[in-house]
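The values are calculated or read from the model by the stated rules, or taken from the named source; none is laboratory data. Given the structure is predicted, the values throughout are model-derived calculations rather than measurements. In this analysis, Cβ positions are derived from the backbone assuming ideal geometry, glycine residues included, and neighbour counts consider all displayed protein chains. For the accessible areas, the whole protein counts, side chains as well, though only heavy atoms, and no ligand, DNA or RNA atoms are used. Shrake-Rupley method; radii C 1.70, N 1.55, O 1.52, S 1.80 Å.
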There are 2 protein chains.
Amino acid sequence: MTSREIKYLFEPRGIAIVGASDKPGKIGGMILNNIRHSGYQGRIYPVNPAGGEIGGLPAYCDLVDIDGIIDVVIIAIPAKFVYQAVRQCAKKTVKFLSIISSGFSEIGNLAEEQKITGFAREHGMRVLGPNIFGHYSSAVSLNATFGPGDIKPGNVAIITQSGALGVAMIGKTAIQNIGLSAIISVGNKSDIDEADLLEYLIEHRDTRSILMYIEGVQHGERLVEMLKRATRIKPVVVIKSGRSKRGAIAAASHTGSLAGSDQIFDAIMQQCGVLRSESIQEALDWCKFLSTTPLPAGRNTVIITNGGGVGVLATDACEKYQVKLYEDKTHLKTVFGEVTHGFGSTKNPVDLTGEATTQEYITALTSALKDEHIHAVISLYCETARMTSDELTSMIRQVYSAYRQSGKPVIFSLFGGELAESAISRLSRENIPIFRDVYESVSPLGALFRHYTAVMTDSPPVKNAAIHYAEITRLIRTARAEQRSFLLAHEGQALLEAVGLPGPRSAVTKCIDEAVARAEEIGYPVVMKVVSRDILHKSDVGGVLLNLENGHEVADAYQAIIHNCKAHKRNAVIEGIEVVEQVKSGTEIIVGAKRDGSFGPVIMFGLGGIYVEVMQDVSFRALPLREIDVSLMVKEIRSYPLLLGVRGERRKDIEGIKDCINKVGSILLNCRDISDIEINPMIVYERDQGVKAVDVRVLLSEPERKKA
Amino acid sequence: MTSREIKYLFEPRGIAIVGASDKPGKIGGMILNNIRHSGYQGRIYPVNPAGGEIGGLPAYCDLVDIDGIIDVVIIAIPAKFVYQAVRQCAKKTVKFLSIISSGFSEIGNLAEEQKITGFAREHGMRVLGPNIFGHYSSAVSLNATFGPGDIKPGNVAIITQSGALGVAMIGKTAIQNIGLSAIISVGNKSDIDEADLLEYLIEHRDTRSILMYIEGVQHGERLVEMLKRATRIKPVVVIKSGRSKRGAIAAASHTGSLAGSDQIFDAIMQQCGVLRSESIQEALDWCKFLSTTPLPAGRNTVIITNGGGVGVLATDACEKYQVKLYEDKTHLKTVFGEVTHGFGSTKNPVDLTGEATTQEYITALTSALKDEHIHAVISLYCETARMTSDELTSMIRQVYSAYRQSGKPVIFSLFGGELAESAISRLSRENIPIFRDVYESVSPLGALFRHYTAVMTDSPPVKNAAIHYAEITRLIRTARAEQRSFLLAHEGQALLEAVGLPGPRSAVTKCIDEAVARAEEIGYPVVMKVVSRDILHKSDVGGVLLNLENGHEVADAYQAIIHNCKAHKRNAVIEGIEVVEQVKSGTEIIVGAKRDGSFGPVIMFGLGGIYVEVMQDVSFRALPLREIDVSLMVKEIRSYPLLLGVRGERRKDIEGIKDCINKVGSILLNCRDISDIEINPMIVYERDQGVKAVDVRVLLSEPERKKA
């Protein structure tokens, strides 16, 4: 579907409502009523078997009787009648079905939902829902929901997977003076999901920020792609519930969608430049601020306060929300020297003290506005007896208007009693960014700067890795031919070779003499391993022996391994014994990639052993990667200093690690047959000394023929 | 000072105001005015050189002219006149000085502040401030602040180090209907600090929760002791600003108090059972809720909701705020089976669905109230068209009153537009715990359960460790006699022996033959180390040699070490060469204790090497310790699984670790001469195999004679 087509969901020329009714309390009637009163100028067709007139409009007994263009059909009838209604829609050139009705996959009735969606798709129709409250679109003044009738048009678009929350959000935005460009309930997401809607919202000029409430992700790969596109252009804020383990279970039982790993979700959202919020109020605060505030020219932020205490709290909040405080003390003194009192401070926070007058506040804020080194301002006010509510209000109005014109972000925080409260409620109504609590006020500014980072970060995609795909294809073909869903150890080594990741030299041998000869070629010490598809945990049964120093030991080991494996499993087919170079020690890392059920192809990196298993110190990204993603993956693990070298050790070969991440990612992206690949351990040596993949585990996807 | 005496600060029989005035805008006048109008029944004496009448009361030219009892003198005159005024106070039997004036240590004028406080203490007077806005005490209806005149009496006590914030908090509590039992500005804390005030507030019946805003801690040891006492009786909430590095610097420049390590502060607050809040609004929410809600009978919490989405968000919030959700599905089905609709769920969250009526809500909440297995309830409501604001309001009133009577905690969250907003503002005024955002509502319940844990945790102090203090005293005396502020290596080993922590066997030798003889006794391999106070970093200069396997190697090493050290420092006095048992490898840990400038004696534990240095994976506690503190210290490090045994390793000797923590703590507590002690590394073997202290570093305190 192109954004050209999805446009008709948001800007339909005609709408039919199946289940329209005049009976009070009927969902279909509530929706019809909202459409009629929202100012929608297209054609409206109520459909009801009883016919007659509904809501003052002629009603149709059957959808097929309608003559004009119907871009959207809203279906608000009991679940069991929906399929029949959809069949009728197929007889007209309907583009979209908005299925309000509940009683499908959310209560386990997946079959019926799939039947309906399958039928619709076959007949060129796309399905929103089922189990939704409808959608609103400011572009054509269309309120096709059964929520509140009054929706203030504006610049924030909301996509929500929860219906009840969505309806409540409409109410919330109304009282908080947040205008909406759209709100769409996606419910069970049987067909249309967040990615489809983003196609439209990215291009939609009136949408200046996008809020998504997500419980579970199904087609993460496409969502990731769309989110990356979207955040280059406008801020996207996501609330994903089910972040806790217990919450994920609750989410699963609520919409039937698996929440997926929260750690992976979080990493991917950051990679996409998406702003993740915990609470709905915070998300709304961010969206409101971001939809009215232009991007700053830089990161230097100054706090101007009349109270030292709130200044300190704001400084803490700046660290929490990653707001960079401007530190040039000399310049700060030049700018603010004249307005700070004897007990005050020109250091950032700039403390005007409790003695500050309105005029001094204005002077300080104006100085910050004019100064080209200062890019954003946090203005704090602790209620004292110095100013009246009117003075405060008009001061903030005046300053805000100057800042708006200049395009420099400013945010206000008033802490206090009645005076502060009355100023906040007056100014909030004018959409001036003003908050009660210091942390609340710094939080949206932090969101702005993180969005700024996403927009400003211009990193090329990783370079194509030199990989012999033909060889990998051959390996996979062999495994498939043998009905295997994994590669054998020596195949894994061959794959590493094809990828250009130097593994230990090795050879599979079939007799003692051959083993000794190969060991001599490889060089001692060597490791020997059984090659057998019948033995999975080779080490546990004595199928792996280490530290073999000479030909005698190799010969003994050959016999011992055969003996151990036969003792473990009498009928085990042993294809040979692999003789492997024993690699010298270094720093162990893991690089793995898999096709995640929720998010598509993802890659993981961490230091090996304890660091992954006990400290869970790993980083994730969605594929494909940009160069900066690879750098950040390496840097963001807590144990990164070990790679830089601690306790007199030298820096490790970080370039080698990045190359490995790039290559593992490329394999998963380019070889659809591979579902999982994990190099563990990979030994990293000192800078320029390279890396050595000791072991690799490769799992194959379900063969294509088994699908569909 | 006993709590009997501090009582007169809160309940003075007579008050004098030095600097009282009728001139508008004068601080002294504002305070007098507040005192006069707050309903205070004691005697009020305005003092002003001009005499006459001030605020309708006879004014005294000089304090000494006053006849009646003066428990508190408020001083609100320029800094330079304060000392003289304090001298006058000494002529009367004044108990407390509340020095409002600024211009002391907060701007670097520490000397004047110390002179005043020193004089006051010498004359039996205690000082609140300077640099404060005063104090309020509901016990005698006394508003001796220059903040707002209207303070609602109630059950929350506030102690604040920031004046501007404190004044603003008075305003905030007024509009949020939070009654105060006291609010005290401590400012520069030249004398009276939080611990002194807690003496009164712990016993004060009308104070049901205590909020403290802290920027820096000076006498942490006493504060810790008082906080431990306080939290057994009533909840204490602390906001400590300067938690970020940048914030700590801002705090230091604001009040001149060093913020101390935030990690240590955080650990100690948790140990004391103190609830630490980030933002002021959150702290106020907690205090209001905690001052009106009794302790629960247990931890089982149930979420009742009409929206799945908010239910999932609340589940996430419960994990964040450590609220335990009741999980017995069978029992939940019995309790809620009848009220959940077809699409709903009796699992926790109990989802009544958007179809829920008022009556169903009441039934569900009443069922939860009656059930003895359910100890607390989170009631969520997403605004739908089902209920009117009146229905909602009266439903919540009815339910809340039933819950209050039963003593079972309940908290409400309404998410939505006008209906929700109007219900929230009506119910908030009645002090019903009701919030807009899901996270906001779960947060105070989490605070309640953490307070519950603090109250319910009954852990004995650690047992007295068997330590030969006489021997330690002897070691310290030797070091002192030699003007050393540290123990030499062999003294450290002797100390470990006195403590009963088995170290490696060792002997200091003076010649090669002696070294070989001792090595034979100890058993190979051995380590050899130079003993010299002139050489600090012994390893770096070749003063330590490892892995010596026989007599020849010992002899060679002896000569090599002497040679290396002389090469490094020609004149170094070498007292001997220590021959030490080379201990077998195991898991390395660090146990250290020190006298922290802010918090007094604290103890630290962590796994050694990388885990401490790179991963910063350590735990802290203030001394003395209870048994549970020791257990938690060991368990809360991230690398704890390594002690339990991973990858087939066996459990380590955790009892040995606990014993070591206990002993190191005991030394610091009992040997005032020791300022720092760190065992690093300590080798821990498998369970019942013990620990071995390899090295210990002991620093001595400044000798007592240098103090005072």
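For B:K152, a cut-off of 18 angstrom between C-alpha atoms picks up these aspartates and glutamates, skipping any fewer than 8 places away in its own chain: A:E383, A:E418, A:E421, B:E11, B:D206, B:D285, B:E430.
At what distance in angstrom do the alpha carbon centres of the stretch B:566-584 and the stretch A:1-48 lie from each other? The distance from the Cα centre of the stretch B:566-584 to that of the stretch A:1-48 comes to 90 Å.
Summarising the amide proton neighbourhood of A:F486: residues at separation of 5 or more, or on other chains, whose placed amide H is nearer than 5 Å comprise A:L700. Shape verdict for chain B, please, from the Cα gyration tensor: rounded (a/c under 1.5), prolate (a/b greater than b/c) or oblate. Since a/c reaches 1.5 but b/c is at least a/b, the shape of chain B is classed as oblate. Building the convex hull from the alpha-carbon atoms of the protein assembly as shown and averaging its projection over directions returns 60.6 nm². Inter-chain neighbour count for A:609-620: the average number of beta-carbon atoms from partner chains within 10 Å of each residue's beta-carbon is 3. Rolling a 1.4 Å probe over the protein heavy atoms of chain A, with every protein chain left in place, gives an accessible area that is 49 percent carbon and sulfur. The rotation axis that maps chain B onto chain A passes nearest to the beta carbon of this chain B residue, listed with its distance in whole angstrom: B:M615, 3.
Rolling a 1.4 angstrom probe over the protein heavy atoms with all chains in place gives the stretch A:297-456 an accessible area of 37 Å² per residue.
Taking every C-alpha pair closer than 8 Å and separated by at least 6 residues, the mean separation divided by the residue count of the stretch B:469-581 gives a relative contact order of 33 percent. Across the stretch B:70-79, computed HN-Hα scalar couplings (Karplus, 6.51 cos²θ - 1.76 cosθ + 1.60, θ = phi - 60°) run 10, 7, 10, 10, 9, 10, 10, 9, x, 3 Hz from first to last residue, x flagging Gly and Pro. For A:E627, the point set 7 Å out from Cα toward Cβ sits 6.1 nm from its twins in the other copies, listed from shortest up.
Shielding of peptide A:436-446 by partners, expressed as the average count of other chain Cβ atoms within 10 Å per residue Cβ, is 2. Normalised by the number of residues in the stretch A:587-700, the average gap of Cα pairs under 8 Å and 6 or more apart makes the relative contact order 30 percent. Name the residues of the stretch B:403-425 whose accessible area, probed at 1.4 Å, falls by at least 30 Å² once all protein chains are in place instead of their chain on its own? Hits at the 30 Å² cut-off: B:F415, B:G416, B:G417.
Gyration tensor analysis over the Cα atoms of the stretch A:137-186 returns equivalent ellipsoid semi-axes of 14, 12, 10 Å (largest first, whole Å). Listed by chain and number, the lysines placed with their C-alpha closer than 27 angstrom to that of A:K529 are A:K510, A:K538, A:K566, A:K569, A:K584, A:K594, A:K663, A:K692; residues fewer than eight positions away on the same chain are left out. Peptide A:301-310 has a mean shielding of 5, counted as Cβ atoms of other protein chains within 10 Å of each residue's Cβ. For the stretch B:500-638, the solvent-accessible area with a 1.4 angstrom probe is 45 square angstrom per residue.
Between copies, the label points of A:N547, set 7 Å from Cα on the Cα→Cβ line, lie 1.4 nm apart, reported in increasing order to one decimal in nanometres. Here the Karplus curve 6.51 cos²θ - 1.76 cosθ + 1.60, taken at θ = phi - 60°, turns the phi angles of the stretch A:646-656 into couplings of 10, 6, x, 6, 8, 4, 7, 7, 5, 4, x Hz, with x standing for Gly and Pro.
For B:E122 and B:R13, the FRET efficiency from 1/(1 + (r/R0)^6), where r spans their Cβ atoms and R0 equals 25 Å, is about 0.60. Looking at the stretch A:143-238, the trypsin sites (Lys or Arg not before Pro) that sit in a DSSP loop and have at most 15 other Cβ atoms within 10 Å of their own Cβ are A:R205.
Phi angles of the stretch B:32-38 translate, via the Karplus equation with coefficients 6.51, -1.76, 1.60 and θ = phi - 60°, into HN-Hα couplings of 4, 4, 4, 4, 4, 9, 8 Hz per residue; Gly and Pro are given as x. Accessible surface of A:T93, taken over heavy atoms with a 1.4 Å probe and every protein chain present, rounds to 120 Å². Qualifying GluC sites (Glu not before Pro) in the stretch A:86-155, where qualification requires a DSSP coil assignment and no more than 12 other C-beta atoms within 10 Å, are lacking entirely. Computed over the stretch A:1-150, relative contact order equals 26 percent, with contacts defined as Cα pairs under 8 Å that lie 6+ residues apart. Of A:F449, A:F81, the residue with the largest accessible area leads and the full order is A:F81, A:F449 (1.4 Å probe).
For A:R672, the distances from its label point to the matching points in the remaining copies are 8.0 nm, ordered from shortest, with each point set 7 Å beyond Cα toward Cβ. Think of each Lys and Arg Cβ as +1 and each Asp and Glu Cβ as -1; about the Cα centre, that makes the dipole of chain A roughly 1280 debye. In the stretch B:334-426, the inverse of the mean reciprocal separation of distinct Cα atoms equals 13.5 Å; this is its Kirkwood hydrodynamic radius. Here's how it looks for A:V696: its modeled amide H is under 5 Å from those of A:N680, which are all 5 or more places away or on a different chain. At the residue level, B:Y136 shows approximately 10 square angstrom of accessible surface with a 1.4 angstrom probe and all protein chains present. Here B:K189 is the anchor, and the lysines within straight C-alpha reach of less than 22 Å, apart from those fewer than 8 places off in the same chain, are B:K7, B:K80, B:K95, B:K115, B:K228, B:K240, B:K707. Per residue, how much space in cubic angstrom lies within the convex hull of the C-alpha atoms of the stretch A:78-167? Dividing the Cα hull volume of the stretch A:78-167 by its residues yields 109 Å³. Using a 1.4 angstrom probe on protein heavy atoms only, which residues from the stretch A:333-366 are buried by at least 50 Å² of accessible area when all chains are present rather than their own chain alone? Checking the loss per residue gives A:F343. Solvent-accessible surface of protein heavy atoms, probed at 1.4 angstrom with all chains present, puts A:I280, A:I610, B:I233 in the order B:I233, A:I610, A:I280, largest first.
Label separation (B:D458 vs B:E391): 4.8 nm, computed from points 7 Å beyond Cα along the C-beta direction. Close amide-amide hydrogen proximity is noted between A:I674 and A:S701, each under 5 Å apart and 5 or more residues distant or on a separate chain (H modeled in the peptide plane; Pro and chain starts excluded).
Taken across both chains, chains A and B shield about 5700 Å² of accessible surface from a 1.4 Å probe. Looking at the protein assembly as shown, the DSSP beta bridges with both ends there are about 50 percent antiparallel. Helix A:245-255 and the longest principal axis of the Cα set of chain A meet at an angle near 70°.
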